[in-house]
1. For S24, all conditions in the list (1) in a helix (DSSP H, G or I); (2) within 12 Å of the ligand (Cβ to nearest atom) hold save one; what is the number of the exception?
2. Among (1) of a type outside the set (S, T, N, Q); (2) over 18 Å from P88 (Cβ atoms); (3) more than 9 Å from the ligand (Cβ to nearest atom); (4) open to solvent by less than 20 Å² (accessible area, probe 1.4 Å), where does Y160 come up short?
3. What are the residues in the stretch 93-103 that are closer than 30 Å to R181 by Cβ and loosely packed, with under 14 Cβ neighbours inside 10 Å, if any?
4. Considering each residue of the stretch 12-37, count those that are within 13 Å of R134 (Cβ to Cβ) and open to solvent by 60 Å² or more (accessible area, probe 1.4 Å), and give that number.
5. Would a scan of the stretch 50-60 turn up a residue that is surrounded by fewer than 19 Cβ atoms within 10 Å (Cβ to Cβ) and away from the ligand (no atom under 14 Å from the Cβ)?
6. When you go through (1) in contact with a helix residue (DSSP H, G or I) (Cβ under 6 Å, 6 or more places away or on another chain); (2) near the ligand (Cβ under 10 Å from one of its atoms) one by one for S107, which number turns out not to apply?
7. Does the stretch 71-92 contain at least one residue that is among the aromatic types (F, W, Y), more than 8 Å from the ligand (Cβ to nearest atom) and open to solvent by 60 Å² or more (accessible area, probe 1.4 Å)?
8. Taking the stretch 128-160, which residues are β-branched (V, I, T) and without any contact (Cβ under 8 Å) to a residue 60 or more places away in the chain?
Amino acid sequence: MINVILFGPPGSGKGTQAIKLSKSLGLIHLSTGDILRKAIANKTPLGIKAREYMDKGELVPDTDVAQMVVNAVDRNAGAKGFIFDGFPRNVFQARFLDKMLEERNTSIHYLIALEVNHDELIKRLLNRAKIESRTDDNLEVIENRIKIYFDQTFPVIEHYKSQGKFYPVNGVGTVEEVNDRICKILTKEE
Ligand code: B4P
């Protein structure tokens, strides 16, 4: 089994790369953002609650997200592995993920951290706003999402660095170039 966390600030290309990697490696793509957006679209109780947080760029409460992830993992028992996209978002979620995988006799193997500068992040997300109509892709909310990333999410790096699982990747370049850089790490090529 191979379990990968795709990590990085909003707009760094996590979702974009996760879709490509899940196809090429045959892994299950588990995006907490996508699951939450689906819950919002379906107006489920979780979706109605999550929307209040997501529209402000804040993190949805840990207990809700954790339960969602357990459900998604257990629905895919027997999978070759998972690409966790947008999860964990803080150290509590990281500890939770480690424990949940341990109980299923597996673990995280790689944390791939996409590194992209602030101006490029803003440019990409404002560009996406013109194409999709995500309610959290406006400048004020984007700046809050980036702030929350550095305040709450960034410390997750240290958690996996201490386990020897941290792999930084330059996230600037074409989608293919970034994908090649990640694949080199996952296939252990030089
Ligand atoms: P997410 O859905 O995870 O959204 P995101 O961080 O903005 O990244 P995303 O994956 O969509 O974008 P990407 O970088 O691929 O989270 C949204 C919200 O959900 C959070 O703010 C939070 O409220 C909630 N949430 C999610 N998970 C949670 C959790 N675990 N706990 C609590 N709350 C949670 O791409 C961005 C744009 O860049 C795209 O338009 C793409 O086309 C473009 N792009 C990608 N790669 C590029 C490249 N190489 N060059 C140019 N453009 C590129």
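1. (2)
2. Among (1) of a type outside the set (S, T, N, Q); (2) over 18 Å from P88 (Cβ atoms); (3) more than 9 Å from the ligand (Cβ to nearest atom); (4) open to solvent by less than 20 Å² (accessible area, probe 1.4 Å), Y160 violates only (2).
3. Start the filter on the stretch 93-103 by keeping residues that are closer than 30 Å to R181 by Cβ, which leaves 93-98, 100-102.
Across the stretch 93-103, the qualifying residues are R95, E102.
4. Of the residues in that region, 2 qualify.
5. no
6. Among (1) in contact with a helix residue (DSSP H, G or I) (Cβ under 6 Å, 6 or more places away or on another chain); (2) near the ligand (Cβ under 10 Å from one of its atoms), S107 violates only (2).
7. Initial filter on the stretch 71-92 (among the aromatic types (F, W, Y)): 82, 84, 87, 92.
From the residues that got through so far, the ones that are more than 8 Å from the ligand (Cβ to nearest atom) too are 82, 84, 92.
Cutting the leftovers down to open to solvent by 60 Å² or more (accessible area, probe 1.4 Å) gives us 92.
Checking the stretch 71-92: at least one residue is among the aromatic types (F, W, Y), more than 8 Å from the ligand (Cβ to nearest atom) and open to solvent by 60 Å² or more (accessible area, probe 1.4 Å).
8. Of all residues in the stretch 128-160, those β-branched (V, I, T) come to 131, 135, 141-142, 146, 148, 153, 156-157.
Residue satisfying the conditions is I131 alone.
The values are calculated or read from the model by the stated rules, or taken from the named source; none is laboratory data. Here the structure is a predicted model, which is why all the values come from computation and not from measurement. No Cβ is skipped: glycine too gets one built from the backbone with ideal geometry, and neighbour counts run over all protein chains shown. Remember, those area values only see protein heavy atoms, side chains included, never the ligands or the DNA or RNA. Shrake-Rupley method; radii C 1.70, N 1.55, O 1.52, S 1.80 Å.
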